[in-house]
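Q: Sharing a structure, written as structure tokens. Questions coming.
The values are calculated or read from the model by the stated rules, or taken from the named source; none is laboratory data. Predicted, not measured: the structure shown is a model, and the values here were computed from it. Because the Cβ atoms are built from the backbone with ideal geometry, glycine has one as well, and the counts that use them run over all protein chains shown.
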């Protein structure tokens, strides 16, 4: 009987998904606010923009924002002790009722093999806890650090390890960067704008018809 082979380290990933009962604009605002306790315990500093930096003294971690699409996607390149670390990606989506936040951490080949297993387990739980805090912050404006919920991996909507394609993870980097100035409310306001335009056109047509009748 042949021995089972371990999956290549480049396919190792952490996935989480969180459904938040708040509008996308609110979730995005909380995500980018370093003063919100979802991530800032220990004095974290974060610039939510392309090229921005994250530093967290308590976790001895820093990161750079390498991809940024407003209200849609953010990618952090993590560094540990000035060494290249993993990359984390957040994707945001509004379904008309709730905001969905998807999380993925890749790049485990950058982590020394002797530390990889422990770091993977710690990261999996830590990122889930942060997403749970993000949910609490967005759903409760008066949320404080004392109210952070104890997130459990068993309660996560989605998590695990494995690989997936660029299409499944939300499109190419070029597409994300092209949307860097997109307003998170754009999708929700599009239908309303179309309706207003249609109403205006109908009003102009009726007015023109009335003037034609007077001239006749």
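Q: Please find, within the stretch 1-39, the residue that is farthest from the chain's Cα centre (by Cα) out of those that are part of a loop (DSSP other than H, G, I, E, B) and at pLDDT 80 or above.
A: The selected residue is 12.
Q: Go through the residues of the stretch 105-116 one by one and say whether even a single one is over 20 Å from residue 74 (Cβ atoms) and at pLDDT 95 or above.
A: No, the stretch 105-116 contains no residue that is over 20 Å from residue 74 (Cβ atoms) and at pLDDT 95 or above.
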